[in-house]
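Here the structure is laid out as structure tokens; the discussion comes afterwards.
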Amino acid sequence: MEAGGLEWLLVPVQQLVSWGASGAMVFGGVVPYIPQYRDIRRTQNAEGFSTYVCLVLLVANILRILFWFGRHFESPLLWQSIIMIITMLLMLKLCTEVRVSNELNIKRRSFADFDLNYFWHWSKFTDYVQCVLTFTGVTGYITYLWLDSSLFVETLGFLAVFTEAMLGVPQLYRNYQNRSTEGMSVKMVLMWTSGDTFKTVYFILNQAPFQFSICGLLQVFVDIAILLQVYLYSYYPQKPVPHTAHPASTKAL
């Protein structure tokens, strides 16, 4: 009788924990960008945030959604990708508006120029949307043609999570170039680290495709490297390395 009563109590608790974990997976990934978004909006300065982070996450999550069509995985991971794409577009919109408002008397750049020197450094948010739609259309068509190939599908899944694992690399490189983490939200990176750790454990416990677990661990290591930069450049300030002016050098990573 006691065992039966205990089981009656544990079942709803386990269900609640499962729902909580799923909710954390869906929305937890976007939480780190809330303080960064607020900081940019408050200061009207987006220099400390690398918009290539948005590029990496957009590519990774579009590929992950395409991977789902070839090999279904848990619905929370699919919804996470959809929410993340929307969030990154909002971040791009804000960063573009702030950057353009701070740049006076410069030539406007657009996606239609096909100028690689100014790739992902366009003057209008609509240009980023065009780029994302073009990438989605091309990769979607290729996936449709090769959907029956297990090798292609598994490779697509690996590319999706490996690209996401490289999320922090643009910020890591930007910090190294500047010899500073000024303008970067430390709260964002701390949330990256805690979120990626939770996500990796979730992958392992729920037996997600092996690509997810491996690249999740790599992502945690990159997050830790950025946190080490915060410590290093805060307590041991270094002089920025001068570099020759070049049209592409004005780009915010």
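The values are calculated or read from the model by the stated rules, or taken from the named source; none is laboratory data. Everything quoted here is computed from the prediction, not taken from an experiment. Every residue, glycine as well, gets a Cβ built from its backbone with ideal geometry; the counts of neighbours run over all protein chains shown. Note: accessible area is taken over every heavy atom of the protein model, side chains too, but ligands, DNA and RNA are not part of it. Shrake-Rupley method; radii C 1.70, N 1.55, O 1.52, S 1.80 Å.
Here are the numbers:
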{"quantity": "Nitroxide proxy distance, nm - points 7 Å out along Cα→Cβ at Asp113 and Ile82", "calculated": "3.6"}
{"quantity": "Å² of accessible area per residue within the chain, as computed with a 1.4 Å probe and no ligands counted", "calculated": "57"}
{"quantity": "Helix-derived mean residue ellipticity, 222 nm - over the chain, DSSP H n ≥ 4, -39500 (n - 2.57), to 500", "calculated": "-24500 deg cm²/dmol"}
{"quantity": "Accessible area in the full protein assembly, largest first, 1.4 Å probe, for Arg41, Arg71", "calculated": "Arg41, Arg71"}
{"quantity": "Accessible area of Lys93 in the full protein assembly, 1.4 Å probe (Å², nearest 10)", "calculated": "80"}
{"quantity": "Relative contact order (%) - the chain, alpha-carbon pairs under 8 angstrom, separation at least six", "calculated": "28"}
{"quantity": "For the chain, with +1 on Lys and Arg beta carbons and -1 on Asp and Glu, the positive-most of Ala24, Phe221, Phe111 along the dipole", "calculated": "Phe111"}
{"quantity": "Prolate/oblate/rounded call for segment 18-71, Cα gyration tensor, a/c under 1.5 rounded", "calculated": "oblate"}
{"quantity": "Protein accessible area in the chain, 1.4 Å probe - carbon and sulfur %", "calculated": "68"}
{"quantity": "Pairs of Cα atoms farther than 22 Å apart, segment 99-246, %", "calculated": "61"}
{"quantity": "Simple Cβ-charge dipole of the chain, Lys/Arg +1 and Asp/Glu -1, about Cα centre, in debye nearest 20", "calculated": "920"}
{"quantity": "Extension reserve of the Val186-Arg38 stretch, reckoned as 0.36 nm per residue once the Cα distance is removed", "calculated": "52.0 nm"}
{"quantity": "Kyte-Doolittle mean at least -0.5 and Cα axial length at least 24 Å: DSSP H helices in the chain", "calculated": "2-28, 52-70, 75-102, 125-146, 186-205, 210-235"}
{"quantity": "Sparsely packed chymotrypsin sites (Phe, Trp or Tyr not before Pro) within segment 76-181, loop by DSSP, other Cβ within 10 Å at most 14", "calculated": "Phe114"}
{"quantity": "Magnitude of the charge dipole, segment 126-216, Cβ model with Lys/Arg +1 and Asp/Glu -1, debye to 20", "calculated": "320"}
{"quantity": "Kirkwood Rh, angstrom, the chain [1 / mean 1/r, Cα pairs]", "calculated": "19.9"}
{"quantity": "GluC sites (Glu not before Pro) lying in DSSP loop within segment 90-198, provided at most 14 other Cβ fall within 10 Å", "calculated": "Glu103, Glu182"}
